[in-house]
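Asks: Would you mind keeping the following structure in view while I ask a few things?
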Amino acid sequence: MIAYIAGRVVEKNLNEAVLDVGGIGYLIKASRFTLEALPMIGEETKVFTYLHVREDAMELYGFASKEERSLFLMLLNVSGIGPKGALSILSTTSVADFRLSVVSGDAKAISKAPGIGAKTAQRVIIDLKDKIGAEDILGYGEESEDPSLAGKGGISSSGQDAIEALVALGYGLAESTRAVRKVGASEEADSGLIIKEALKYM
């Protein structure tokens, strides 16, 4: 498997981009979030990749982070979800929001993706709910080797403290995380103030 490709952006549109690596142009299909994270045409970047091989074609998929690629691979293991469907879901919702939707059982949010019906969305939740833990929701696992393509779902340590406090008060993890994300707490913010502001959204 090709783990990643580093090269110069020569083309990008709504569904794919082309990276020039040593004079060879690699056509890479990607989600809306990854394409938006790519730098301007002519600049260097790196994307994590997955090569999908079929009898009649080989397609290269690119991702802004290892987390997005990991979720893409998880989705491919869900019955009825192929590369096109997986990319559709990841183009409709961010990595962080997708994890929240799975943990909270929000099939409606997942079914907003083009080509994904209510039954398929429910199947996604059933198949992936046990594979996504609290540390994923809180953003502990967010990482990217390329700062320009870093995941946007991380939460500051004070924000994580606020989420844990809200959960201790009896609120759900997904509900608490969404509220803290809406507050947009910085690393320097006081957790008590974050809790106060988050409660306005709950």
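Asks: Name the single residue, out of those in the range 18-36 being more than 18 Å from the chain's Cα centre (by Cα) and within 20 Å of Ser88 (Cα to Cα), that is surrounded by the fewest Cβ atoms within 10 Å (Cβ to Cβ).
Replies: The qualifying residue surrounded by the fewest Cβ atoms within 10 Å (Cβ to Cβ) is Leu27.
Asks: Go through the range 66-98 residue by residue and tally those that are part of a helix (DSSP H, G or I) and closer than 24 Å to His52 by Cα.
Replies: Here the count works out to 23.
Asks: Do we find that Arg8 is surrounded by fewer than 17 Cβ atoms within 10 Å (Cβ to Cβ) and either touching a Leu at 6+ places or on another chain (Cβ under 6 Å) or charged (D, E, K, R) (or both) in this structure?
Replies: yes
Asks: Quick check, is Ile194 under 15 Å from the mean Cα position of the chain (by Cα) and modelled with pLDDT of 75 or more?
Replies: no
Asks: Which condition from (1) free of Cβ contacts under 8 Å to residues at least 24 places away in the same chain; (2) closer than 17 Å to Leu128 by Cα; (3) over 18 Å from the mean Cα position of the chain (by Cα) is the one that Lys108 breaks?
Replies: With respect to (1) free of Cβ contacts under 8 Å to residues at least 24 places away in the same chain; (2) closer than 17 Å to Leu128 by Cα; (3) over 18 Å from the mean Cα position of the chain (by Cα), Lys108 is out only on (3).
Asks: OK, next. Mind listing whichever residues of the range 110-145 are of a type in the set (A, V, I, L, M), assigned to a helix (DSSP H, G or I) and at pLDDT 90 or above?
Replies: Answer for the range 110-145, where residues must be of a type in the set (A, V, I, L, M), assigned to a helix (DSSP H, G or I) and at pLDDT 90 or above: Ile110, Ala118, Ala121, Val124, Ile125, Ile126, Leu128.
Asks: Considering only residues that are part of a strand (DSSP E or B) and charged (D, E, K, R), which ones fall in the range 10-39?
Replies: Glu11, Lys12, Glu16, Asp20, Lys29 - these are the residues of the range 10-39 that are part of a strand (DSSP E or B) and charged (D, E, K, R).
Asks: Another question, if that's okay. Looking at Ser157, Ser101, Ser148, which one is surrounded by fewer than 18 Cβ atoms within 10 Å (Cβ to Cβ), among the hydroxyl-bearing types (Ser, Thr, Tyr) and modelled with pLDDT of 70 or more?
Replies: Exactly one of Ser157, Ser101, Ser148 is surrounded by fewer than 18 Cβ atoms within 10 Å (Cβ to Cβ), among the hydroxyl-bearing types (Ser, Thr, Tyr) and modelled with pLDDT of 70 or more, namely Ser157.
Asks: Only one of (1) of a type outside the set (A, V, I, L, M, F, W, C); (2) surrounded by fewer than 19 Cβ atoms within 10 Å (Cβ to Cβ); (3) modelled with pLDDT of 80 or more fails for Gly184. Which number is that?
Replies: The single condition Gly184 does not satisfy is (3).
Asks: Here is a follow-up. Report yes if Ser101 is within 23 Å of Thr177 (Cα to Cα), touching a Phe, Trp or Tyr at 6+ places or on another chain (Cβ under 9 Å) and either small (Gly, Ala, Ser) or in a helix (DSSP H, G or I) (or both), otherwise no. Write out each step before concluding.
Replies: On the way: within 23 Å of Thr177 (Cα to Cα): yes; touching a Phe, Trp or Tyr at 6+ places or on another chain (Cβ under 9 Å): no; either small (Gly, Ala, Ser) or in a helix (DSSP H, G or I) (or both): yes.
So Ser101 does not fit the description; no.
Asks: Would you call Lys46 touching an Asp or Glu at 6+ places or on another chain (Cβ under 6 Å) and among the charged types (D, E, K, R)?
Replies: Judged against the criteria, Lys46 is a match.
The values are calculated or read from the model by the stated rules, or taken from the named source; none is laboratory data. Because the structure is predicted, anything quoted here is derived from the model rather than measured. Every residue, glycine among them, receives a Cβ derived from its backbone with ideal geometry; neighbour counts consider all protein chains shown.
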